[in-house]
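The values are calculated or read from the model by the stated rules, or taken from the named source; none is laboratory data. Quantities reported herein were computed from a predicted structural model and do not represent experimental measurements. Note that we place each Cβ from the backbone using ideal geometry, even for glycine, and neighbour counts take in every protein chain shown.
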Amino acid sequence: MPTRLAALLFASALAAAPAARAAAPAPAPDAATPAGLLEVIRVIDERQRNQGDWKALCYLEVKERAKTDQVSELLVFRRDQDDKQMFLFTKPKAEAGKGYLRIEKNLWMYDPATGRWERRTERERIGGSDTRRGDLDESRLAEEYDATFEGAEKLGAYDVWRISLAVKPGVDVAFPLVKLWVDRSTLNILKRQEFALSKRLMRTAYYPRWKKVFSESKKADVWYPEEMRFFDEVEKGNSTMVLIKEIDLRPLEANLFTKAWLEARSR
Amino acid sequence: MLLVDLQVAGRNLTRHTLRNLLLGAALAMVTGAMVLLGALADGIEHAMFESATTLLTGHVNVGGFFKITAGSAAPLVSDWPKVLAATRAEVPEIDYVTVRGRGWSKAVSESASMDLVLGGVDMSREPGFRKVVIPIEGKLDDLMQPDTVLLFQGQAERLKVGVGDQLTISAPTERGVNNTADVRVAVVARNVGLLSTFQAFIQGDTLRRLYGLNDTTTGAIHLYLKKEGDAPRVAARLREKLAEKGWRVMEPDPQPYWMKLFQTVPSADWTGQKLDVTTWEDEMGQFKQFIFGFRALSNIVLLLVMAVVLVGILNTLAIAIRERTREIGTLRAIGMQRTKVLWLFLLETALLGLGGAAAGAALASAFAGLLNAAHILVPEGIQLFLMQEHLSFWLAPGAIAVRVAAVALLTVVASVFPALRAARLKPVTAMHHIG
């Protein structure tokens, strides 16, 4: 569950990024210049922060070394205006009804088998699991990291900028070093690598397919990754794939992000 | 006089050989079972104490938690040299002290991974370590080198590694930054029960680097006392004195530190440093409960068996008195007092009880000694509970003597009623008895 949760939170954070230039298309900033690089990072932050409502039906496939692959289906709800997220597992039967509710910095887990809510502490999520503290936080790359332009290159068929992000002195983040491969034409992240304090590569994420749709709640076009793949680089062989099958960008009900709502749906 | 009485009692016992042999054998069986079960429980407790107070805890520990935010917690003692100096000043009972790093991490090998509780050790300051940790591969001194780790046999098998192989240890620092350390397996040691399923040891400085700690921060100070029995008293005093000296000290809570780390401490609404003074029994609370349960269960079984044996004693003595009614009448007619008759019967049963119990204890001790010598391997699932790799009985002469005395005493108590009946018989009635 922690691996899936990590991937989900991260996927949820990335998904439905508003297309910043949708209304009045403008040339993408040039990351090769210091000002352009900062602008690219700001756009990435802004897209992740989103400020729209959305609901998505997701499929999750988790592969862990020496374990049977697990496939789940779940509904993901997100409202960035007040930083709320909710996941409700619908399949398989054993997982159906389990849910996570994030209200501000607190993440709660509901298990219908016991009917109890548990607060997932920072330590629980981190200790021994693949869950990352940063997965829960809103993107603050521009505030927390110093960006360095590493070059323009090809990633498959895409022309990308490779950007390195090193944490600023005195700032605590889950990964002190992050590398991004950003699509030059859309400014979407296509690949992300996260490194430990020891400089060891810990996780690589790929976002091979992005789709642009109109958000009623945002009143603008937004991008979302249809497919996300996360690879554990320490425990080779562990990976998670998230597919976003259906997405609904209409405004969500005001009272949706509550324990009572999730409990009622779990039943 | 007592010698004569003993002679009479002994001869009476030998006159009814078969009946007394059966009764003695029953008493021997009960005593033997008591000795064996008691020695097994003592063996578990002894093994637990030996291994726990070396691997996981001192007799008393000054540990603690540092919380950057209310929802996070790290098992740390900051400024440990100052804490140690204050502790030494207040605890003259200290024999020696070790300073241990504490951590929780994921160990990843080429083919497997597992969660490990890490102890950061400085082998030059671990006098008790070598008594308990027996290397199968590698040398304990190799653990002095940086980037080395000691695994127990079961962990090495699970991770499919041996001495010289590389492992990646992954853990977040106290500030939540993910970090890794590539370490070499320097020692594979023999399992020491439950603790060796989750506890591994890493060179102290490597653990500090992994968790981003400075030299004056550690996991816990383990105090080893001259007398381990002083631990609760010393812990209580230390809590009070450290609080008086300005440290924030947690209330006593008999749980291992990692349970507090994951359950109680992160949900507590405070930040900063708090010290936590515990005894080895606090850190091993659940295992102590298991031993208590084991002892309680075995005692219940033994009580039931003992009850059956007591009914047997009552019955046998009742038959004996009936058979010897004319003899009692004759003794009373030639002037023997009632108290003397009572005394003779009690002495008989005391001799029987003592003989049977002693024989049972001797046989059980010999059997336990044989089992100890045979080094019988305990199945892995049971090792977790017995805290032992090999079946081991702890034969303490004092405890055995107490059990023998208890059985003998119970036998005598059971014989009081039939002996009283015998003493109350009227000489004339007794002599006319046809039995």
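Of all residues in the stretch B:200-213, those that are modelled with pLDDT of 90 or more and either surrounded by fewer than 20 Cβ atoms within 10 Å (Cβ to Cβ) or of a type in the set (Gly, Ala, Ser) (or both) total 5. Within the stretch B:363-381, is even one residue surrounded by fewer than 19 Cβ atoms within 10 Å (Cβ to Cβ) and closer than 27 Å to B:Leu3 by Cβ? No: the stretch B:363-381 contains no residue that is surrounded by fewer than 19 Cβ atoms within 10 Å (Cβ to Cβ) and closer than 27 Å to B:Leu3 by Cβ. Count of the stretch A:172-184 residues, restricted to those that are within 14 Å of another protein chain (Cβ to nearest Cβ), among the β-branched types (Val, Ile, Thr) and part of a strand (DSSP E or B), is 1. Scanning the stretch B:114-143 for residues that are among the aliphatic types (A, V, I, L, M) and under 26 Å from the mean Cα position of the chain (by Cα), we see that the one that is farthest from the other protein chains (Cβ to nearest Cβ) is B:Ile134. Sort out which residues of the stretch B:58-79 are more than 31 Å from the chain's Cα centre (by Cα), at pLDDT 90 or above and either of a type in the set (Phe, Trp, Tyr) or at negative phi (or both), and write them in order of number. Hits for the stretch B:58-79 are B:Phe66, B:Ser78. State whether one or more residues within the stretch B:205-226 are more than 20 Å from B:Leu275 (Cα to Cα), more than 14 Å from chain A (Cβ to nearest Cβ) and part of a helix (DSSP H, G or I). The answer is yes, given that some residue of the stretch B:205-226 is more than 20 Å from B:Leu275 (Cα to Cα), more than 14 Å from chain A (Cβ to nearest Cβ) and part of a helix (DSSP H, G or I). All of A:Ala94, A:Ala66 fail the test of being among the small types (Gly, Ala, Ser), on the phi > 0 side of the Ramachandran plot and at pLDDT below 85, apart from A:Ala66.
Only one of the numbered conditions (1) more than 29 Å from the chain's Cα centre (by Cα); (2) under 24 Å from B:Pro92 (Cα atoms); (3) surrounded by 14 or more Cβ atoms within 10 Å (Cβ to Cβ); (4) not small (Gly, Ala, Ser) is violated by B:Pro232, and that is (1). Among the conditions (1) at pLDDT 80 or above; (2) in contact with a Pro (Cβ under 6 Å, 6 or more places away or on another chain); (3) surrounded by 20 or more Cβ atoms within 10 Å (Cβ to Cβ), A:Asn50 misses just one, which is (1).
Here's the yes/no breakdown for (1) surrounded by fewer than 20 Cβ atoms within 10 Å (Cβ to Cβ); (2) in a strand (DSSP E or B); (3) of a type in the set (Lys, Arg):
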position	(1), (2), (3)
A:Ile163	no, yes, no
A:Gly170	yes, no, no
A:Thr186	yes, no, no
A:Arg229	yes, yes, yes
A:Gly237	yes, no, no
A:Met241	yes, yes, no
A:Ile247	yes, yes, no
A:Trp261	yes, no, no
A:Arg265	yes, no, yes
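For the residues B:Gln255, B:Gln166, the requirement of being surrounded by fewer than 21 Cβ atoms within 10 Å (Cβ to Cβ) and more than 32 Å from the chain's Cα centre (by Cα) singles out B:Gln166. Considering B:Ser72, B:Ser111, the condition of being polar (S, T, N, Q), within 14 Å of chain A (Cβ to nearest Cβ) and within 28 Å of B:Asn191 (Cα to Cα) is satisfied by B:Ser111 alone. Only one of the numbered conditions (1) surrounded by 18 or more Cβ atoms within 10 Å (Cβ to Cβ); (2) of a type in the set (Ser, Thr, Tyr); (3) more than 23 Å from B:Ser51 (Cβ to Cβ) is not met by B:Thr264, and that is (1). Of the residues contained in the stretch B:406-418, none is found to be under 16 Å from B:Leu37 (Cβ atoms), loosely packed, with under 14 Cβ neighbours inside 10 Å, out of contact with any His (no Cβ under 7 Å at 6 or more places or on another chain) and modelled with pLDDT under 85. Residues of the stretch B:277-289 include none that is buried (at least 17 other Cβ atoms within 10 Å of the Cβ) and over 24 Å from the mean Cα position of the chain (by Cα). Candidates B:Arg239, B:Arg190: the one that is surrounded by fewer than 19 Cβ atoms within 10 Å (Cβ to Cβ), in the same structural domain as B:Gly71 (by TED's automatic domain parsing) and out of contact with any His (no Cβ under 6 Å at 6 or more places or on another chain) is B:Arg190. When B:Val188 is tested against the conditions (1) closer than 27 Å to B:Gly212 by Cβ; (2) more than 14 Å from chain A (Cβ to nearest Cβ); (3) of a type in the set (A, V, I, L, M), the lone failure is (1). Of the residues that sit in the stretch A:58-109 and are among the small types (Gly, Ala, Ser) and under 21 Å from A:Arg229 (Cα atoms), which one is farthest from the other protein chains (Cβ to nearest Cβ)? The extreme case among them is A:Ser72. Only one of the numbered conditions (1) farther than 30 Å from A:Val171 by Cβ; (2) surrounded by 17 or more Cβ atoms within 10 Å (Cβ to Cβ); (3) within 14 Å of another protein chain (Cβ to nearest Cβ) is violated by B:Thr173, and that is (1).
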